[in-house]
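Working notes, structure below.
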Amino acid sequence: MKRITSEQAKELNQNFVKIRSKAIKKAIGKNDNLSTWFSIDELQKFIDGVKKEGKDKGILVNGIRVYFGAYPKDDAVKKKDNMSTVFLVPTQPYAESMQKDGGEGDEGGNDIEGMGGFNDGVQGNPPGEEYPQ
């Protein structure tokens with residue numbers, strides 16, 4: 001398990017704030033979202049769903065990749081205009097010919113584009129609130 005301590009989490013968040021927050025605020029004209037929340041039930045349903053869909057399609061789902069994204073300026077939910085988000089997509093093992101140099105085969109995988117992803121978590125409250133909330 002790749003768990004981190006609260007101190008490590010705080011350091012990661014502070015590094016993000018120091019390195020990126022000013023530039024993002026300048027670009028979008030407001031403080032950006034610094035966290036996204038998903039319920040355990042939502043995450044479990046997504047994981048169970050992509051595993052089942054993969055099995056039905058004969059695809060081994062080996063993981064979930066987290067992407068950073070941003071809502072469009074004219075998002076239907078105005079409070080999300082230009083705000084950062086994360087979305088999740090299922091992955092399958094790299095084909096042998098696609099193995100990364102030195103990779104062990106279980107260090108990522110190819111995105112499974114045809115299965116879609118998972119988004120629309122709850123923004124931090126307020127969105128610019130740093131760790132811990």
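Key figures
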| read-out | value |
| --- | --- |
| Other-chain or far-sequence residues with amide H under 5 Å of Asn33's (modelled H) | Ser84 |
| In order through the stretch 124-133: 3J(HN,Hα) via Karplus (6.51 cos²θ - 1.76 cosθ + 1.60), integer Hz, x for Gly, Pro | x, 10, x, x, x, 5, 8, 6, x, 8 |
| Surface/4 of the Cα convex hull for the stretch 38-78, nm² | 4.4 |
| Overall Cα dimensions of the stretch 29-102, principal axis frame, Å, largest first | 45, 33, 20 |
| Mean accessible surface per residue for the chain, computed with a 1.4 Å probe while every protein chain stays in place, in Å² | 73 |
| For the stretch 6-48, diffusion coefficient by Stokes-Einstein and Kirkwood Rh (Cα), 10 °C, 1.306 mPa s, µm²/s | 127 |
| Interatomic Cα distance distribution for the chain, bins of 5 angstrom, percent | 2, 9, 15, 18, 17, 16, 14, 8, 3, 0 |
| Highest average packing first - 31-40, 61-70, Cβ atoms within 10 Å | 31-40, 61-70 |
| Calculated from backbone phi, Karplus (6.51, -1.76, 1.60) coupling profile of the stretch 12-18 in Hz, x at Gly/Pro | 4, 5, 5, 4, 4, 4, 5 |
| Of all accessible heavy-atom area on the chain, the percent that carbon and sulfur account for (1.4 Å) | 53 |
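The values are calculated or read from the model by the stated rules, or taken from the named source; none is laboratory data. This is a predicted model, so every value here is computed, not measured. With ideal geometry, Cβ positions are generated from the backbone for all residues, glycine too; neighbour counts draw on all protein chains shown. For the accessible areas, the whole protein counts, side chains as well, though only heavy atoms, and no ligand, DNA or RNA atoms are used. Shrake-Rupley method; radii C 1.70, N 1.55, O 1.52, S 1.80 Å.
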